[in-house]
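Colleague: One structure, pasted below without further comment.
The values are calculated or read from the model by the stated rules, or taken from the named source; none is laboratory data. Computed from a predicted structure; not experimentally measured. Positions of Cβ are generated from backbone atoms using ideal geometry, with glycine treated the same way; all protein chains shown enter the neighbour counts.
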Amino acid sequence: EDAAEQLPPVLPDGPREENLQLVSELKDSSGSCAVDVSTVWWEADGCRELRVVTASESSVSLWEPLAHDCWGKVHTWQLGEIPVIQIIPLPDTCNLVCIALGELEIGEIRLLLYSSEADSFKHSLVKTGNIKAVVGIKDQRLVSSSRTLQEQQVEMVLLSEMGSKDWQTLMPPEETVTAFAEVEGMREALVGTTAANSIVVWSVNLKTGQLLRKMNAGYSYPASICHRAYSDSGLLFVVLSHPHAKESESCGNLAFRVVAFNPKTGRSRGVTFSSLPPGCVGRQVLEAGYLEGDVWDTSGAAVLTSGAVAVWDLLQGRCVAVLPPGPAGHWALARWALGTGLLAGRHDGTVCLYRY
Amino acid sequence: CSESDLGPISLNWFEELSAEAPP
């Protein structure tokens, strides 16, 4: 209630709740705690539609749109003893859901799918290990970094409805990779952030996996996590967040920043800085691997420690909408739905779809 | 961003770095 008072729905000259319009609500009757939410394209009976995927620790559910902005559960995959900790979005992929399971870190990646041959839903193991970072990229590819005591492995795998195939090793940097992001419009380019605050650029095709360049992400900022990257006019623009920043540090109440890198020289310059909305106390919660924040195109969203959800226009460096915590409780999850929607989830398993 | 900030910019940076990097 205190947090709700600190964040009135309409902040003077600030972000407005009206920028987000509630479209529908998915209520999970099982009462299980929501861990993650995502969207997936699903094709059935010759019809392709956008479906919502919700995850609890022990199961993952697929929801289809019904009439009157309602949603119905189509199927629930029951998982084993290892808790589900994340849904890994797979852009431009149909009828496939990828999930990460583990305790504190990812120990297993699984593919959830519908087999038309067997007319049944099933799941298959993609990878096990001490997995530090994972991302789904276009053309049904999954890239992950994992660590043994001796070395770090960075791998790309091609996913299909039959499971995983065609593994390609990427050259690992010396430091642990903390996050990956594909480069929009460049099918063979991938960027990553490392524990030593570097930006790494790879060439990802099924032939080489070269490490092209390592650049510093900025000496004044603590460990950066990459969310998205775009190549334009010979520069590489990377959206970064700083999950471990403290308000007293130089980056203040920074949520996201967009940095332009010149990959030829390794030099960089900050382009826009997106701060927490006015009137908001406490840092945002953004953790790599267990993302409480999300970036789509040039929009950022994150759950704040106050229990509100904030949305930023990252190109303008401006907070454009705030969803205050309601009487039903604090927000726990904020994810962009494919298209222009935002999915916001509460701990009780309720997920709300907003039009943005 | 100006070129003086970031050094000489190449539109073909990806191809050029791919050709320079060890296979």
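Colleague: Take the residues in chain B that are exposed (fewer than 14 other Cβ atoms within 10 Å of the Cβ) and charged (D, E, K, R), then tell me which one is modelled with the highest pLDDT. Reasoning before the result, please.
Modeller: Looking only at chain B, we keep the residues that are exposed (fewer than 14 other Cβ atoms within 10 Å of the Cβ), and these are B:2-5, B:7-8, B:11-12, B:15, B:19-20, B:22-23.
Applying the additional criterion that residues be charged (D, E, K, R) yields B:3, B:5, B:15, B:20.
Working: B:E3: 59, B:D5: 85, B:E15: 95, B:E20: 92.
It comes out as B:E15.
Colleague: Now a separate question. Check A:V154, A:V183, A:V191 and return the single one that is hydrophobic (A, V, I, L, M, F, W, C), crowded, with 24+ Cβ neighbours inside 10 Å, farther than 30 Å from A:S116 by Cβ and within 14 Å of chain B (Cβ to nearest Cβ).
Modeller: It is A:V191.
Colleague: Just one of the numbered conditions (1) without any contact (Cβ under 8 Å) to a residue 40 or more places away in the chain; (2) more than 21 Å from A:A195 (Cβ to Cβ) is not true of A:L90; which one?
Modeller: That leaves (1) as the condition not met.
Colleague: Still on this model: Might you check whether a residue that is in contact (Cβ under 8 Å) with a residue 60 or more places away in the chain, more than 26 Å from A:I225 (Cβ to Cβ) and either touching a strand residue (DSSP E or B) at 6+ places or on another chain (Cβ under 7 Å) or of a type in the set (K, R) (or both) occurs anywhere in the range A:49-68?
Modeller: Yes, that holds for at least one residue.
Colleague: Follow-up. Does at least one position in the range A:214-237 carry a residue that is within 14 Å of chain B (Cβ to nearest Cβ), crowded, with 19+ Cβ neighbours inside 10 Å and over 22 Å from A:G317 (Cα atoms)?
Modeller: The answer is yes; a qualifying residue exists.
Colleague: In the range A:112-149, what residues are buried (at least 21 other Cβ atoms within 10 Å of the Cβ) and hydroxyl-bearing (S, T, Y)?
Modeller: Result: A:S144, A:S145, A:S146.
Colleague: Working only within the range A:336-356, note down all residues that are among the basic types (K, R) and within 16 Å of A:A302 (Cβ to Cβ). Even if it seems obvious, please write down each step before you answer.
Modeller: Of all residues in the range A:336-356, those among the basic types (K, R) come to A:346, A:355.
A:R346 - this is the single residue of the range A:336-356 that is among the basic types (K, R) and within 16 Å of A:A302 (Cβ to Cβ).
Colleague: Then there is this: Among the candidates A:D139, A:D166, A:D119, which residue alone is in contact with a Leu (Cβ under 6 Å, 6 or more places away or on another chain) and of a type in the set (D, E)?
Modeller: Answer to the selection: A:D166.
Colleague: A further question follows. Give the residues of the range A:222-240 that are without any contact (Cβ under 8 Å) to a residue 24 or more places away in the chain and hydroxyl-bearing (S, T, Y), sorted by residue number.
Modeller: A:S233
Colleague: I'd like the full set of residues that are at pLDDT below 75 and within 21 Å of the chain's Cα centre (by Cα), limited to the range A:1-59.
Modeller: Of everything in the range A:1-59, nothing turns out to be at pLDDT below 75 and within 21 Å of the chain's Cα centre (by Cα).
Colleague: Please tell me if A:G136 is part of a strand (DSSP E or B) and on the phi > 0 side of the Ramachandran plot.
Modeller: no
Colleague: Okay, next question. Mind checking which strands (runs of 3 or more DSSP E) fall wholly inside the range A:11-95 and carry at least 1 residues that are of a type outside the set (D, E, K, R) and over 30 Å from A:P277 (Cβ atoms)?
Modeller: So the answer is A:36-44, A:47-55, A:59-65, A:71-78, A:84-88.
Colleague: Identify the single condition in (1) within 16 Å of A:A337 (Cα to Cα); (2) in contact with an Asp or Glu (Cβ under 8 Å, 6 or more places away or on another chain); (3) crowded, with 22+ Cβ neighbours inside 10 Å that A:V52 does not satisfy, given that it satisfies every other one.
Modeller: With (1) within 16 Å of A:A337 (Cα to Cα); (2) in contact with an Asp or Glu (Cβ under 8 Å, 6 or more places away or on another chain); (3) crowded, with 22+ Cβ neighbours inside 10 Å applied to A:V52, the lone miss is (2).
Colleague: Here's something else I'd like to know. Within the range A:162-180, restricting attention to residues that are of a type in the set (A, V, I, L, M) and surrounded by fewer than 23 Cβ atoms within 10 Å (Cβ to Cβ), which residue is farthest from A:F237 (Cα to Cα)? Explain how you work it out, then say what you get.
Modeller: Let us first name the residues in the range A:162-180 that are of a type in the set (A, V, I, L, M), namely A:162, A:170-171, A:177, A:179.
Pick out the ones that are also surrounded by fewer than 23 Cβ atoms within 10 Å (Cβ to Cβ) and you get A:162, A:171.
Values: A:M162: 35, A:M171: 22 Å.
Ranking the candidates gives A:M162 first.
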